[in-house]
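Here's the structure, in structure tokens; my notes come after.
All of the numbers you see were taken from the coordinates with simple rules; none came from a lab. Since the structure is predicted, the reported quantities are computational estimates derived from the model, not experimental observations. Every residue, glycine as well, gets a Cβ built from its backbone with ideal geometry; the counts of neighbours run over all protein chains shown.
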Amino acid sequence: MKADRLDGIFIGVVHRDPDGARRLLSALQTLRPALLTLEVSPYAVSFRRQHSTRLMELLEQNAPAGKKDHGEIQAIRETLEIPFEVRAAQLFSEANPIHVELIDDSDLSRELLRDISDELLTPENLAALADRPDVPLPRMVSSFYRRTRRLMAQEPVPPALLGFSPERLALLELRDESMERHIRKLLSEHPNVRWIHVGGVVHLLRVRGLNLLWSRFEADGLRRAYLDELVN
């Protein structure tokens, strides 16, 4: 595998982009991959399919009156939806032959989603979020893309600039190690095809002292691009 350059591209996304499904579907229609891996876990999808309606109702019930369209509340709505990456992949696969694989860690997703109704959606937490400056969600997304591009210009990025705790940095690397193993197995099963991986923008960065996902494939010729650069 290391001897051959991959016909692949890593598309970095901001996960709660409200326009993400349209953008990603357009990118897929242009790039036309035969293999698509998504930084989404199977559990994350099944959880939302089972609980999204109830959790959306709880959000509407507990969100402060007059602030239901606050940017932070909009961000939570996107969190409760089926991830846009999955929605775009499903639409693309309906008209195109493609193998789609969800490769993130279900055990980690289960841990992160376990207390969503008891913590994230409480009236107290939603009130605190709605007291923050009201930045529209699309502007938050654009800001995150811009910040990551600035970090890329400083590669290798000092880990402190990511703003993550040491524990989160260690977990990030472990997740990417696991995803690399999963991807390389898929590539051996689907050789010589155009492959696209879709994952969070942070995983595109070359970070000092860490080996994140794109860095693990850099020597294989895997290209990287941000979704907002591919599709406006």
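Dividing the Cα radius of gyration of region 13-94 by its Kirkwood radius returns 1.03 for Rg/Rh.
Relative to the present Cα-Cα distance, how much length would full extension add between Ser143 and Leu171 at 0.36 nm per residue of separation?
Taking Ser143 through Leu171 to full extension adds about 7.6 nm, to one decimal.
Highest mobility in the GNM of the chain, judged by mean-square fluctuation with C-alpha springs under 10 Å and restricted to Arg110, Arg216, Arg132, is found for Arg132. A Cβ-based charge dipole, computed about the Cα centre of the chain with Lys and Arg at +1 and Asp and Glu at -1, lands at about 700 debye. What the phi angles of region 110-116 give under the Karplus curve with 6.51, -1.76 and 1.60, with θ = phi - 60°, is a coupling list of 4, 5, 5, 8, 4, 10, 5 Hz, glycine and proline written as x.
Using the Cα gyration tensor of the chain, with a ≥ b ≥ c the square roots of its eigenvalues, what is the shape: rounded (a/c below 1.5), prolate (a/b larger than b/c) or oblate (neither)? Taking the square roots of the gyration eigenvalues as a ≥ b ≥ c, the chain is prolate.
What shape does region 96-232 have by the C-alpha gyration tensor, where a ≥ b ≥ c are the square roots of the eigenvalues, rounded means a/c under 1.5, and otherwise prolate means a/b greater than b/c and oblate the rest? It comes out prolate by the Cα gyration axes. Can you bin region 177-232 into rounded, prolate or oblate? Criterion: square roots of the alpha carbon gyration tensor eigenvalues sorted a ≥ b ≥ c, rounded for a/c under 1.5, prolate for a/b above b/c, oblate for the rest. It comes out oblate by the Cα gyration axes.
The 3J(HN,Hα) values that the Karplus relation (6.51, -1.76, 1.60; θ = phi - 60°) gives for region 84-100 are, in residue order, 4, 4, 5, 4, 5, 4, 5, 4, 5, 5, 5, 10, 9, x, 7, 9, 10 Hz. Gly and Pro appear as x. Between Pro136, Pro83, Pro33, the GNM of the chain built on Cα springs shorter than 10 angstrom shows Pro136 fluctuating the most.
Over region 63-177, the alpha carbon radius of gyration divided by the compact-protein estimate 2.2 N^0.38 Å works out to 1.31. Measuring between their Cα centroids, region 197-232 and region 30-83 lie 24 Å from each other. Between His182 and Arg114, the simple spin-label model (points 7 angstrom out along Cα→Cβ) gives 2.0 nm. Here the Karplus curve 6.51 cos²θ - 1.76 cosθ + 1.60, taken at θ = phi - 60°, turns the phi angles of region 118-130 into couplings of 7, 10, 5, 9, 6, x, 5, 5, 5, 5, 5, 5, 6 Hz, with x standing for Gly and Pro.
Positive-end ranking of Asn192, Pro158, Ser143 along the dipole of the chain, with charges on Cβ about the Cα centre, is headed by Asn192. Rounded to the nearest 500 deg cm²/dmol, what is the calculated helix-only ellipticity per residue at 222 nm for the chain, with -39500 (n - 2.57) per DSSP H run of length n ≥ 4? Value at 222 nm, helices only: -15500 deg cm²/dmol. Projected label points at Asp131 and Phe164, each 7 Å from Cα along the beta carbon direction, are separated by 3.0 nanometres.
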